[in-house]
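These notes concern the structure reproduced below.
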Amino acid sequence: NGNLASKYAAASFYDQLVERMSDLDHNVTNGDGSWKVQVEYEMLAAFEDLHTGILGAIDRSPEDVMKSTGTTATVLFTTDKALVLANVGDSRAILSNGTSAPIQLSIDHVASNGAEQDRIKSLGGFVESVGGTTRVNGTLA
């Protein structure tokens, strides 16, 4: 029932980003370039908070209705001075003007990717093939 996690994310993530990125235009205009590090930190923290929130919603869900839920996300946050793009999971951002070849803007986080496998293992997880599909910790594709 992954749609419950995606609905939770859609309902809560935007407001969190607005709060976390409230000084972005000021920092871009008046900063020394270190605003990029701050944006990366805030985006990572926002995704971690979202993950924690989803886990809490799973724990509070009646009759384990959200027990097997999960979601991917692609986020495009724009201001007058900046455009921030981030993704989690195998969702992807593509840029197209309709007349030329589309440009892939993000990298899918998929278990079949060697660099992603290394990242997963460095965090204590494992990658295995289950029924011909590469899975993280035996379940995530």
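The values are calculated or read from the model by the stated rules, or taken from the named source; none is laboratory data. Note that the coordinates shown come from a computational prediction; the quantities given were computed from them, not determined experimentally. Every residue, glycine among them, receives a Cβ derived from its backbone with ideal geometry; neighbour counts consider all protein chains shown. Please note that ligands, DNA and RNA were not included when accessible areas were found on the heavy atoms of the full protein model with its side chains. Shrake-Rupley method; radii C 1.70, N 1.55, O 1.52, S 1.80 Å.
Order the peptides 95-102, 49-56, 71-78 from the highest to the lowest mean number of other Cβ atoms within 10 Å of their residues.
71-78, 49-56, 95-102
How big is the charge dipole of segment 11-70 about its Cα centre, in debye rounded to the nearest 20, if each Lys and Arg gets +1 on its Cβ and each Asp and Glu gets -1 on its Cβ?
Here segment 11-70 has a charge dipole of around 120 debye.
Once you compute Rg and the Kirkwood Rh from C-alpha atoms, what is the Rg to Rh ratio for segment 3-109?
Result: Rg/Rh = 1.04.
Enter the accessible area per residue of segment 3-109 (Å², integer; probe 1.4 Å; all protein chains in place).
Using a 1.4 Å probe on heavy atoms only, each residue of segment 3-109 averages 67 Å².
Scan segment 1-80 for trypsin sites (Lys or Arg not before Pro) in coil per DSSP, keeping those whose Cβ has at most 13 other Cβ atoms within 10 Å, and list them by number.
Filter output for segment 1-80: 67.
Let's see if you can work this out: charge +1 on each Lys and Arg Cβ, -1 on each Asp and Glu Cβ, no other charges. What is the dipole magnitude of segment 3-109 about its Cα centre, in debye to the nearest 20?
300
Along the Cα→Cβ direction, 7 angstrom out, place labels at residue 52 and residue 107. What is the inter-label distance in nm?
The modelled label-to-label distance comes out at 2.7 nm.
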